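Worksheet: the structure to be examined is printed underneath.
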Amino acid sequence: MTFDFKGDVASLLPGIREFCSEYHFCLGEGGLSVEVVREPKSPIRVAMSGQKANITYDEKIHFFRALGLLLEQLADGKTEFSITEKPQFTMNGPMFDVSQGNAVLNKKSMKNILRRMALMGLNMLMMYCEDSYDVKKQPYFGYMRARYSEEELRECDEYAGLFGIEMIPCIQTLAHLIDVLKWKEFSGIKEDYETLLVGCDKTYQFIEDLIRSAVKPFKTKKIHIGMDEAWHLGLGTYLSLHGLVPSGEIMKEHLARVMEIVRRLGLEPMMWSDMFFKAYAEGDYYDKNVRIPESAKSMVPNDATLVYWDYYHFDEEFYSDFIDKHRVFGEPVFAGGIWTWTGFAANWGMTFKTTNPALMACKKKGIKRVMVTIWGDNGTECNAFANLLGLSLFAEHGYSFDLDEEKFKKRFEFCTGAKFDDFYNMKYLDEVPGSNAENLDQFNPSKYLMWQDILTGLFDKNIDGLPLDSHYAVLAKKFEAAAGNNGDYNDLFRFNYHVADVLSVKSELGLRITRAYKSGNRAELKEYVEAVLPGLVQKVRNLRKCHMRNWFSMYKTLGWDVMDMRYGSLLIRIESAIEEITAYLNGQMDKLEELEEERLYYNSTRGLIAYANYYGKIVSPSRIAPEA
């Protein structure tokens, strides 16, 4: 199909051309006439009658949302239609964590995501970087870790600009710097193992280096300076130097020094709000009884913005109340979350059940800037493209006061070329027999059943009696079929297939082996060492190879070493199980000590375990390394 765009479209054409190949259209005279009009403060209007179409838009990103709507209607065979959408937010987009899980999206992946965002109408992208960007004055910053060069970020920023998407640097200037502060080079600016020392002049020289490097590749003047979860603030080196000082006072001192830097550089900072709430709360960040006094205004300068992050609550009233509490400090940004950070699965129950009330509260309260966090905690096992379903949810909330679920599903499928139901089925890697509806308790068995040891089985008693092998066998077949139906994202489902395939054997295997040993069933043990365990080794090898292909295609190479260590450990421990059981059967060992141990509930908790997300606490009750 040929389109003949008319009007002031010169600045739009480079972005339009990015979609020609995938959506099978070209540009030229004599094609379908599309009259394009930019009208300030206008809603999006897309209409077609006869052989002429019209697009009216305000912001550049709104045009690309409108282009997607036009292409979708034409793909459905419609020639007469009129669509009007009113943008609900002035900022809406994702923050991808590329530091905490070692998975740093490469340029190809980032551009893929930016194109999907453009058709969805999302206009902001952050890459959360603790040490994942070059700071030339600090050679140990991000040393031997995957990180972006200035040139790579500038190229992605230019690409985002084709669609009207603003890339905003997102860094840390107080805590969450464990991978930086481990180096002796930074010993003079440490409060503790992950927190910077407030009040030290060298700290602020270092922070200025970070900020200057972070903002240099981008056109925007905005920056996210972090400052969340500094739970040990004032309790380490600062305590030794200054005595006990309330954390709120230390935060105020530190923020004042950092604001001197950002003002000098002409920047517009935002930061997480939890430390400011902790200064007044008796409980945690979400203490609903916390009262923020008017005097607290002085803690946050007028030219800084707090970001209220919350992906835990299910009722609109809670979000509304906390928006009001934040307004003491000024108008906040709201940050929700796509729950893909607890292992191999996407927890769509938690994602949908927290996002819908949160964004409805934002719309009712007049919050105009929202974002969605995508954390990469402890491995980033879940494929990054799984998050596209959550991005589509945020996008559809962004163009309608009330979410139209059928439109949401159709828009996701059109913008990605993937199948909604297949993406939705990813939740069943963790939403298994024994979990509650929608997995709102955050169970993540796919992670701990994958990495736990065959012989010591720390989670075995918790899953005893649950038909998990059969659950994963059924799921594997669904993912195998999905691997041929999801276009650019078929590899995601090939990976999910191999995950479920391994778990269809491994989930209950420790329990089965232990029962055979305790009952003296030597024939069954022989079957395990001659067929089942060798078969599992091959399944794990297949999973690792698939995972590695995906990783090297999507992410920078550095960081894969962590996953190789996990797979290597898993494989060698399966081989050890074969060797030990064989030695027992041959009379070389009079007992299997691991299987003699009584199985206890993990951490005294019955049933499935929630948020067991730390590898070192899954694989062994012993420390796997001196500081792990």
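The values are calculated or read from the model by the stated rules, or taken from the named source; none is laboratory data. Here the structure is a predicted model, which is why all the values come from computation and not from measurement. Glycine gets a Cβ as well: all are built from the backbone with ideal geometry, and neighbour counts include every protein chain shown.
A few comments on the model shown:
- Single match in Val104, Val180, Val98 (criterion: surrounded by 22 or more Cβ atoms within 10 Å (Cβ to Cβ), outside the structural domain of Lys60 (by TED's automatic domain parsing) and more than 23 Å from Lys222 (Cα to Cα)): Val180
- Helices (runs of 4 or more DSSP H) enclosed by the range 470-547 - at least 2 residues per element that are in contact with a Ser or Thr (Cβ under 8 Å, 6 or more places away or on another chain) and either over 23 Å from Lys591 (Cα atoms) or of a type in the set (D, E, K, R) (or both): 490-506
- For Arg549, the requirement of being surrounded by fewer than 18 Cβ atoms within 10 Å (Cβ to Cβ), under 20 Å from His498 (Cα atoms) and under 23 Å from the mean Cα position of the chain (by Cα) is met.
- The single condition among (1) under 25 Å from Asp402 (Cα atoms); (2) not charged (D, E, K, R); (3) not in a helix (DSSP H, G or I) that Phe318 does not meet is (3).
- Of the residues making up the range 498-537, not one is touching a helix residue (DSSP H, G or I) at 6+ places or on another chain (Cβ under 9 Å) and at positive phi.
- Test: residue in the range 58-74 that is closer than 20 Å to Tyr399 by Cα, among the small types (Gly, Ala, Ser) and in a loop (DSSP other than H, G, I, E, B): no
- Residues (farther than 16 Å from Gly121 by Cβ and touching a helix residue (DSSP H, G or I) at 6+ places or on another chain (Cβ under 8 Å)) located in the range 37-67: Met48, Ala53
- Top-ranked residue in the range 355-398 [being surrounded by 24 or more Cβ atoms within 10 Å (Cβ to Cβ) and among the hydroxyl-bearing types (Ser, Thr, Tyr); ranked as nearest to Glu317 (Cα to Cα)]: Ser392
- Test result for Ser519, small (Gly, Ala, Ser), outside the structural domain of Gly101 (by TED's automatic domain parsing) and either crowded, with 19+ Cβ neighbours inside 10 Å or under 24 Å from Tyr424 (Cα atoms) (or both): no
- Filtering the range 329-355 to residues that are assigned to a helix (DSSP H, G or I), within 30 Å of Tyr567 (Cα to Cα) and in contact (Cβ under 8 Å) with a residue 60 or more places away in the chain leaves Trp348, Gly349, Met350.
- Any hit, the range 155-168, residues being in contact with a Cys (Cβ under 8 Å, 6 or more places away or on another chain), buried (at least 21 other Cβ atoms within 10 Å of the Cβ), within 28 Å of Asn123 (Cβ to Cβ) and not basic (Lys, Arg): yes
- Members of the range 98-126 that are in contact with a helix residue (DSSP H, G or I) (Cβ under 8 Å, 6 or more places away or on another chain), closer than 22 Å to Met227 by Cβ and in a strand (DSSP E or B): Leu125
- Ile338 being of a type outside the set (Ser, Thr, Tyr), closer than 21 Å to Ala437 by Cα and at pLDDT 95 or above: yes
- Among residues of the range 207-218 that are not assigned by TED's automatic domain parsing to the domain that holds Glu158, none has a Cβ under 8 angstrom from a residue that is crowded, with 21+ Cβ neighbours inside 10 Å and modelled with pLDDT of 95 or more at a sequence gap of 6+ or on a separate chain.
- Residue that is surrounded by the most Cβ atoms within 10 Å (Cβ to Cβ) [pool: residues in the range 79-93 that are out of contact with any Gly (no Cβ under 8 Å at 6 or more places or on another chain) and part of a strand (DSSP E or B)]: Gly93
- Residue in the range 572-585 that is in a loop (DSSP other than H, G, I, E, B), over 34 Å from the mean Cα position of the chain (by Cα) and either outside the structural domain of Phe96 (by TED's automatic domain parsing) or surrounded by 14 or more Cβ atoms within 10 Å (Cβ to Cβ) (or both) present: no
- Hits in the range 544-565 (condition: under 23 Å from Tyr448 (Cβ atoms) and in contact with an Asp or Glu (Cβ under 9 Å, 6 or more places away or on another chain)): Arg544, Cys546, His547, Met548, Asn550, Met563
Conditions (1) at pLDDT 95 or above; (2) assigned by TED's automatic domain parsing to the domain that holds Met117; (3) closer than 14 Å to Thr84 by Cα, marked per residue:
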{"residue": "Glu35", "(1), (2), (3)": "yes, no, no"}
{"residue": "Gln51", "(1), (2), (3)": "no, no, no"}
{"residue": "Thr56", "(1), (2), (3)": "yes, no, yes"}
{"residue": "Ile61", "(1), (2), (3)": "yes, no, no"}
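- Entirely in the range 356-456, the helices (runs of 4 or more DSSP H) that have 1 or more residues that are over 21 Å from Gly487 (Cβ atoms) and modelled with pLDDT of 95 or more: 388-397, 405-416, 445-451
- Any hit, the range 131-149, residues being over 20 Å from the mean Cα position of the chain (by Cα), buried (at least 19 other Cβ atoms within 10 Å of the Cβ), over 28 Å from Arg115 (Cβ atoms) and in contact (Cβ under 8 Å) with a residue 40 or more places away in the chain: yes
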